[in-house]
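Q: My questions will all concern the structure given below.
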Amino acid sequence: MLENGEQKELGQKQEKESYIRAENLKKLLINLREKLIREAKEEIKKFKGGEKKQIVESVMDDADLSVIDLSEDISLKQLSAHRETLIKIDEALRKLEEGTYGLCEECGEEISVERLKIIPFATHCIECQEKKELLEKIQQSEELL
Ligand SMILES: [Zn+2]
């Protein structure tokens, strides 16, 4: 049984840790977002001249790629992939505000920052992912039998 003081201290420590985690994840997502916007801008630079280019560029400055779909001349797969990822990032940032980003869908535990660095949209922690993959492997081999 912890003394009241110790309990409070523990609570504060946990609070501080989850704050640091949230800040790290926020940085991670924002960096990713900036990188994607930079890459998308590079893609757009490949379109030389024309009114549409300017429209797209001014849109890119606001980091809103929604107009790109309306632009008939630009149907770059890569751009739309960037756009989808940006939407995912915005979603993740919103979840982060709510405190639900980076939680394992299976066990509800926090997914490690290290893992999220590699897979920002991971939905499972390493343990559950491995279990899931193992189960899938078993299922596959059963199907083969
Ligand atoms: Zn899990």
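Q: Give the long-range amide H neighbours of residue 103: residues separated by 5 or more places, or on another chain, with amide H under 5 Å away, using H modelled in the peptide plane at 1.01 Å from N.
A: Long-range HN contacts for residue 103: 111.
Q: List, in order, the whole-Hz ³J(HN,Hα) value for each residue of region 106-111 obtained from phi through the Karplus relation with A = 6.51, B = -1.76, C = 1.60 and θ = phi - 60°; use x for Gly and Pro.
A: 7, 10, x, 6, 5, 7
Q: Show me, for region 129-145, the HN-Hα J-couplings you get by feeding each phi into the Karplus relation (A = 6.51, B = -1.76, C = 1.60, θ = phi - 60°), rounded to Hz, glycine and proline as x.
A: 4, 5, 4, 4, 5, 4, 4, 4, 4, 4, 4, 4, 6, 5, 5, 6, 5
Q: Classify region 102-145 from the C-alpha gyration tensor, please: rounded if a/c falls under 1.5, else prolate or oblate depending on whether a/b exceeds b/c.
A: In terms of gyration-tensor shape, prolate.
Here, each number is a calculation from the coordinates, and none is a lab measurement. It should be emphasised that the depicted structure is a prediction, and the values quoted were computed from it without experimental measurement.
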